[in-house]
Amino acid sequence: MKLRTMIAGTMIGLAGLIGSCSSLYVVDETKQAVVTQFGRPVKMIVGSMRPGSEDSQAVEEMRERYSVVADSSATGSARQIEITGGPGLYVKIPFIQSVKMFEDRILEYDSAPTDIVTKDKKHLVIDNYARWRIKDPLLFLQRVRTENGAQTRLDDIIYSVIREQLGRYDLVEIVRSTNNPIQTTETHEYETISVGRERIMEEITQVANQKANEYGIEIIDVRIKRADLPEENAQHVYGRMRAERERIAKKYRSEGEEEARKIRAETDKEKRIILADAYQKAQGIRGEGDAEAIRVYAEAYSQDPEFFRMFRILEAYPEAFASGEKTRIVVTTDTDFNQYLRGPKK
């Protein structure tokens, strides 16, 4: 009898332990939860209700929305959904109530590149991303159930909004955000923009968020990661850019050659002027030297004409006989040149 009592007590204790464990659950800082009872929501733990949260107004709206929810049973009674918030340890009825956990952090959405047509009939391949979060976990559970389902809904919403909104603007509005001048080596006239990418993305975020609200989702931001031309258009644009660069390069080369010719011509002109001036000065100096030499010779000759005549004749002999022993000079005996070769007169 005692053994049966001990076994029964042990079984009751184990059942109580299992029941107490299954009645407790933890919601950490990164989660929010919905408690359902036989598939019917009875409680929400909303992360936005943490102390100091800026979403208190949204939580109040959620409380008004879910203050009384019509029961689906035949009695038609109504039941209030409890809304609380913040991380912590919570209690539920074991085996009757279940907990669905959802992310309370900002989530990333990254779409595949899509082809869009602008207002001016230009094709662009847009690669965009978005940041979103689960704003209403109950509505999220009822409409999309999981994050994978939300990604599918976001694909439809963001893709359609981007195609619609970008199709209202020209290409220049999509690729530029301001009218600040572009620093280039050439002077070009650029189209001015009235909206710009920044404001366009704000409009896309606003429209996409309005459509996503019905799924309990808040889209925080939508951005374009890349905006490329299709491959066939890109090759055509690259060809035009290459031709433009070659045209500019030829222009620079021709301008450089023209400038080089001017510099060479100016240098040749200066060279000729310098050489002419130098030749003129050299000739003047040479003339002055010759005149001075003639003056010196004249003064010396005037002092002793006979000695000077003899000196000049003797100075000519080495020049006349410098070619060698076989040199022959034919002169008359009575010339002045032969005077000192034939010796003194007898």
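I'm trying to understand the selection: among the residues of the range 106-165, which are over 28 Å from the mean Cα position of the chain (by Cα), small (Gly, Ala, Ser) and surrounded by fewer than 18 Cβ atoms within 10 Å (Cβ to Cβ)? GLY149, SER160, listed by residue number. A single member of ILE174, ILE157 is farther than 24 Å from GLY47 by Cβ and in the same structural domain as ARG197 (by TED's automatic domain parsing), and it is ILE174.
Residues in the range 215-256 that are touching a helix residue (DSSP H, G or I) at 6+ places or on another chain (Cβ under 7 Å) and either assigned to a helix (DSSP H, G or I) or of a type in the set (Phe, Trp, Tyr) (or both): 1 in all.
Of the residues screened, ILE220 is one that is touching a residue at least 40 places away in the same chain (Cβ under 8 Å) and in the same structural domain as VAL161 (by TED's automatic domain parsing). Close Cβ contacts (under 6 Å, 6 or more residues apart or on different chains) running from residues in the range 131-143 that are in the same structural domain as GLN206 (by TED's automatic domain parsing) to residues that are among the polar types (S, T, N, Q) and in a strand (DSSP E or B) comprise PRO137/GLN32.
The values are calculated or read from the model by the stated rules, or taken from the named source; none is laboratory data. These numbers were taken from a predicted model, which means no experiment stands behind them. As a convention, Cβ positions derive from the backbone with ideal geometry for all residues, glycine included, and neighbour counts pool all protein chains shown.
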